Amino acid sequence: MPFLHPALENAAAGLASLGAAAAAIGAPDPVTALRQIDCSPQAIRESARTLSSGRDVLVMARLEFERGAHSAERKWGGEPAARFRGSADELDAHYRQAAEAAARTASVGLDLADLLDRLADQTAARVMLIAEGVSPAAVALLAGDRSAEPAVREACGTIAEAVARGVATIGEATTFLDAFGTPVLQDEN
């Protein structure tokens, strides 16, 4: 199964001999570890752009509604016009809140995509350095040299730790998403 992130896909390809050596001794599979941080920042960026376009639609709809409300208000008078204006103002506030929330969410989506992209690139680079450093031991182990086993096990453990640090960084760095658990428009009950 291919990786979503191209840097991780390339790193996984570079782990072939280490992965085979790990399998030969029952060590953790470095490619499986790498899958834990796989992501698609491009898909998140596309979603953010779509959300931003949706925000533009909301803004245009709000402006059209406001024009219609003003037109209707000019033709009416008295208490019905005042009640209508109050309802129109309330709906306008909802339009504004929804548009602002869409803009904030799109911005956060772009920030999140950048963060994930950076972490995937950094993790892939780190994993490749580890794999390159242990490559002679992996080749030796595959050729039957059991003395290379500790180096292969250590490299697999170091890769798992590097991936775990990247995953932890995502969790720590995305606390800004907590605010998105609260609905923009509260139910009126």
(message) Once you keep just the Cα pairs under 8 angstrom separated by 6 or more residues, what percentage relative contact order results for the chain?
(response) 36
(message) Multiplying the sequence separation of A43 and E66 by 0.36 nm and subtracting their Cα-Cα distance, what value in nm do you get?
(response) 4.8 nm
(request) Using a 1.4 Å probe over the heavy atoms of the protein chains, calculate the carbon and sulfur portion of the accessible area of region 92-146 as a whole percent. (result) 56
(message) Quick check on the chain: helices-only [θ] at 222 nm, where DSSP H runs of length 4 and up contribute -39,500 (n - 2.57) each and the sum goes over total residues. Nearest 500, please.
(response) -28000 deg cm²/dmol
(message) Compute a Gaussian network model of the chain, connecting alpha carbons closer than 10 Å, and tell me which residue from G19, G166, G86 fluctuates the most.
(response) G86
(message) If each residue of separation counts as 0.36 nm, what is the full-extension length gain between E73 and R104 once their alpha-carbon separation is subtracted?
(response) 7.9 nm
(message) So, R0 is 22 Å and r is the distance between the beta-carbons of V139 and A164; what FRET efficiency does that work out to, to 0.05?
(response) 0.25
(request) Filter the DSSP H helices in the chain by two things, a Kyte-Doolittle mean of at least -0.5 and an axial alpha-carbon span of 30 angstrom or more, and list the hits by number. (result) 78-142, 149-173
(message) If I compute Kirkwood radius over Cα pairs in Å from the structure I just sent, which labelled value in (i) 18.8; (ii) 17.4; (iii) 20.4 lines up?
(response) (iii)
(message) Between M1 and A173, what is 0.36 nm times their sequence separation minus the Cα-Cα distance? Round to one decimal in nm.
(response) 59.1 nm
(message) Can you compute the charge dipole magnitude of region 1-156 about its Cα centre, using +1 on each Lys and Arg Cβ and -1 on each Asp and Glu Cβ, nothing else charged? Give it in debye, rounded to the nearest 20.
(response) 440
(message) For a quick check, take a GNM of the chain with Cα springs below 10 Å and name the residue from I130, I37, I25 with the largest mean-square fluctuation.
(response) I25
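The values are calculated or read from the model by the stated rules, or taken from the named source; none is laboratory data. The shown structure was predicted, so the numbers you read here are calculated from the model rather than taken from an experiment. No Cβ is skipped: glycine too gets one built from the backbone with ideal geometry, and neighbour counts run over all protein chains shown. The protein model used for the area step is the full one, side chains on, heavy atoms only, and it has no ligands, DNA or RNA in it. Shrake-Rupley method; radii C 1.70, N 1.55, O 1.52, S 1.80 Å.
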